[in-house]
Amino acid sequence: MTSELLSYEDALASYDPVMGLEVHVELGTRTKMFCGCSTELGAEPNSQTCPTCLGLPGSLPVVNAIGVESAVKIGLALNCEIAEWCRFARKNYFYPDMPKNFQTSQYDEPIAFNGYLDVQLEDGEIFRVEIERAHMEEDTGKSTHVGGATGRIHGASHSLLDYNRAGIPLIEIVTKPIEGAGERAPEVAKAYVAELREVIKALNVSEARMDKGQMRCDVNLSLRPHGVEKFGTRSETKNVNSLRSVERAARFEIQRHAAVLSSGGTIVQETRHFHEDDGSTTSGRIKDNAEDYRYFPEPDLVPVAPARAWVEELRSGLPEMPRVRRNRLREEWGVSEHDMQSMLNAGAVDPIVATIEAGADAAGARKWWMGELARNANEQGVALDELPVTPAQVARVVALVSEGSLNDKLARQVIEGVLAGEGDPDAVVEKRGLKVVSDEGALGSAVDEAIASNAAIADKIRGGKVAAVGALVGAVMKTTRGQADAARVKELILERLGVEG
Ligand SMILES: [Zn+2]
């Protein structure tokens, strides 16, 4: 069933959106949250399980110290207070991919609470998103429904369960209601998740890859008529897994809610599924309230009481926060806010920094990562840092260009060779015979040849039409197979013809 939508402008003319964003981050710990099972991806189904994460009788959980440390670091980076003492809680419900019949989570005693994250919108404006809490919990297993057309349980002949993921540590980060963003609510949602992802990556507690499900966002949204205090009924769009989808989901829900409300209908409190193909959402299940889960303190785990001295030690060890770092780099590199944003969106900031550290100048490093390499990554549908080229190799290409051994065209072929697995830049240069022809004798005869076989053009240039020199430069580049320095070729031609450049 397709939903009726009101135009975005009409929706905002009557209603004020209120959002709540819940982000789950899978921590990059080596073992699970409450047992010693490996968290490595891609293993045989159910090979990374034990009595504890399978919920067998008599098994007892033990909390993962790195999991707690990561949670505290995330809390501190989000300007939260860190609980002096807190407990885990059981969230009781039945789901086939959850073998214990409860999820070990935190309820009224989260490890971190009352924080904020400042996010920068595209026009440079800063919007403060307040954080309600960040708490520790565990992931569920994974069900695969076989036999149906859509991969959903509906129409399937049987289902398979893999508990390798059950018990992998998660941090859930919940915002306070985000009010006052108006028409920019979808943009704020996207900017918040983007900034949060950068923070998580900077803390080195997770790779936070949304495409791999390591970070996913639930978008809660409600509308209220302008001037009304009370929040409207919310919908919760689950597991949105890209930045663009977060923005689209918020936008779609604003338009859908507005259509329902303005025609006199009521919004059902429910979860919804987001569809990547057309950006729509469809009804999931009627949302349960917290009391339905019968939360109670987990009796098998001791409370977590992070010592203040340890918390302060972690605070003083926090890395430079991404927004501060970006502003610093932007000034150092002398680039605009817009260019910095493009580099960020392309995932190029870290590779560029590493290339500069490997000896390249900033402009050279930017040029290759944002040009040739970004194009390659796009074509192959991979992230920049997944390309088979290292920052040191890119730095070497930049060096070969600046010392004059390669021109841009040859350098592109070198990059192509490196990506094709032909070895380091110097090896590719050697194997493919890519060197700028700088031998004046060889260049000189190529120039003489070009002038002789293009006499009419040469006459034009002698007669003052200097712009025509491009055709002769082109001819020389052709005979040298692109391996000449075009600027030097132009100088030589003009010299031979006795014309001032
Ligand atoms: Zn286990």
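Taking CYS53, is it crowded, with 22+ Cβ neighbours inside 10 Å and within 16 Å of the ligand (Cβ to nearest atom)? Steps first, answer last, please.
On the way: crowded, with 22+ Cβ neighbours inside 10 Å: yes; within 16 Å of the ligand (Cβ to nearest atom): yes.
So CYS53 fits the description; yes.
Kindly evaluate PRO351 against the criterion of being surrounded by 12 or more Cβ atoms within 10 Å (Cβ to Cβ), within 26 Å of ALA83 (Cα to Cα) and not polar (S, T, N, Q).
Working: surrounded by 12 or more Cβ atoms within 10 Å (Cβ to Cβ): yes; within 26 Å of ALA83 (Cα to Cα): no; not polar (S, T, N, Q): yes.
No; evaluated as a whole, the condition is false for this residue.
Has the stretch 212-220 got at least one residue that is buried (at least 17 other Cβ atoms within 10 Å of the Cβ), within 22 Å of the chain's Cα centre (by Cα), part of a strand (DSSP E or B) and β-branched (Val, Ile, Thr)?
Within the stretch 212-220, the first condition is being buried (at least 17 other Cβ atoms within 10 Å of the Cβ), and the residues that meet it are 214-220.
From what's left, within 22 Å of the chain's Cα centre (by Cα): 214-220.
Going one step further and asking which of them are part of a strand (DSSP E or B), we end up with 215-220.
If we keep only those that are β-branched (Val, Ile, Thr) too, we end up with 219.
The answer is yes, given that some residue of the stretch 212-220 is buried (at least 17 other Cβ atoms within 10 Å of the Cβ), within 22 Å of the chain's Cα centre (by Cα), part of a strand (DSSP E or B) and β-branched (Val, Ile, Thr).
For the stretch 1-41, name all the residues that are at pLDDT 95 or above, surrounded by fewer than 17 Cβ atoms within 10 Å (Cβ to Cβ) and either within 15 Å of the ligand (Cβ to nearest atom) or not assigned by TED's automatic domain parsing to the domain that holds GLY180 (or both).
Within the stretch 1-41, ARG30, GLY36, SER38 meet the criteria.
For TRP85, only one of the following conditions fails: (1) within 20 Å of THR140 (Cα to Cα); (2) at pLDDT 95 or above; (3) out of contact with any Phe, Trp or Tyr (no Cβ under 6 Å at 6 or more places or on another chain); (4) away from the ligand (no atom under 16 Å from the Cβ). What is its number?
Condition not satisfied by TRP85: (1).
So for the stretch 194-202 (the condition being more than 16 Å from the ligand (Cβ to nearest atom), over 30 Å from ASP350 (Cα atoms) and either among the acidic types (Asp, Glu) or in a loop (DSSP other than H, G, I, E, B) (or both)), does at least one residue qualify? Lay out the reasoning, then the answer.
First pass over the stretch 194-202, keeping only residues more than 16 Å from the ligand (Cβ to nearest atom): 194-202.
Keeping just the survivors that are over 30 Å from ASP350 (Cα atoms) gives none.
The answer is no, given that none of the residues of the stretch 194-202 is more than 16 Å from the ligand (Cβ to nearest atom), over 30 Å from ASP350 (Cα atoms) and either among the acidic types (Asp, Glu) or in a loop (DSSP other than H, G, I, E, B) (or both).
This table checks each residue for (1) assigned by TED's automatic domain parsing to the domain that holds ILE111; (2) polar (S, T, N, Q); (3) at pLDDT 95 or above.
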site: GLY213; (1), (2), (3): yes, no, no
site: LEU221; (1), (2), (3): yes, no, yes
site: GLU253; (1), (2), (3): yes, no, yes
site: GLY317; (1), (2), (3): no, no, yes
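Just to be sure I understand the filter: pairs with C-beta atoms under 6 Å, separated by 6 or more residues or on different chains, first member in the stretch 478-500 and assigned to a helix (DSSP H, G or I), second member surrounded by fewer than 17 Cβ atoms within 10 Å (Cβ to Cβ). Which pairs pass?
From residues that are assigned to a helix (DSSP H, G or I), the pairs are LEU494/GLY501; LEU497/ARG462.
The values are calculated or read from the model by the stated rules, or taken from the named source; none is laboratory data. Just so it is clear, the model here is predicted, and its values are computed rather than measured. Ideal geometry is used to build each Cβ from the backbone, glycine not excepted, and the neighbour counts take in all protein chains shown.
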